[in-house]
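In what follows, a single structure is set out as structure tokens and then discussed.
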Amino acid sequence: QPQASAPFHIHRFWTEYKPDPNRPGALREVDMVAYGPIGARDRTVTIERVSRLALVDTKTDPSVNPAVAMARGRWEFIKPRYDAWKAGQEVPQNGSPLSMWTQLGREQVETLQSHGVKTIEDLAALTDGHIQRIQCVLHHQAQLGITLHG
């Protein structure tokens with residue numbers, strides 16, 4: 001079952017067209033995903049073929065091999081969002097939307113969302129480093145006269 005929250009954010013999905021090695025002159029669709037750490041959206045982005053991420057080792061005990069556990073967790077997080085994107089649906093979020101927290105103003109919510117924080121649970125999962133970076137952005141907005149509580 002998918003995790004309630006993951007330590008990363010999906011920036012986007014898209015399709016590229018590559019030469020098909022089995023059919024000369026033809027193109028094949030290759031679905032791609034860009035993802036990165038929550039709170040560091042502007043610093044670290046991993047781009048990968050969805051088909052590669054779906055190749056998860058299902059035979060190895062994840063408690064014995066942490067890399068297998070991480071790959072499974074990553075795919076369990078990405079798969080439902082990828083499936084929704086392929087179906088043309090809104091990519092689902094796990095957790096409570098930030099807008100439900102009445103102490104956050106619209107600009108704060110938008111700033112957090114721009115850093116990949118979409119839910120209250122995402123916010124709770126941030127590290128101190130992430131929070132400090134986001135606070136710097138919010139502080140800069142306040143210096144520019146942007147209202148943070150409305």
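The values are calculated or read from the model by the stated rules, or taken from the named source; none is laboratory data. In this text the structure is predicted, and so the values were computed from the model without any measurement. Glycine also receives a Cβ, built like all others from the backbone with ideal geometry; neighbour counts cover every protein chain displayed. Quick note on the areas: whole protein, heavy atoms, side chains included, nothing else; ligands and nucleic acids left out. Shrake-Rupley method; radii C 1.70, N 1.55, O 1.52, S 1.80 Å.
None of Ala124, Ala87, Ala67 is touching a residue at least 40 places away in the same chain (Cβ under 8 Å), among the aliphatic types (A, V, I, L, M) and open to solvent by 60 Å² or more (accessible area, probe 1.4 Å) except Ala124.
The set of residues in the stretch 104-121 being open to solvent by 30 Å² or more (accessible area, probe 1.4 Å) and either touching an Asp or Glu at 6+ places or on another chain (Cβ under 8 Å) or not in a helix (DSSP H, G or I) (or both) consists of Leu104, Lys118.
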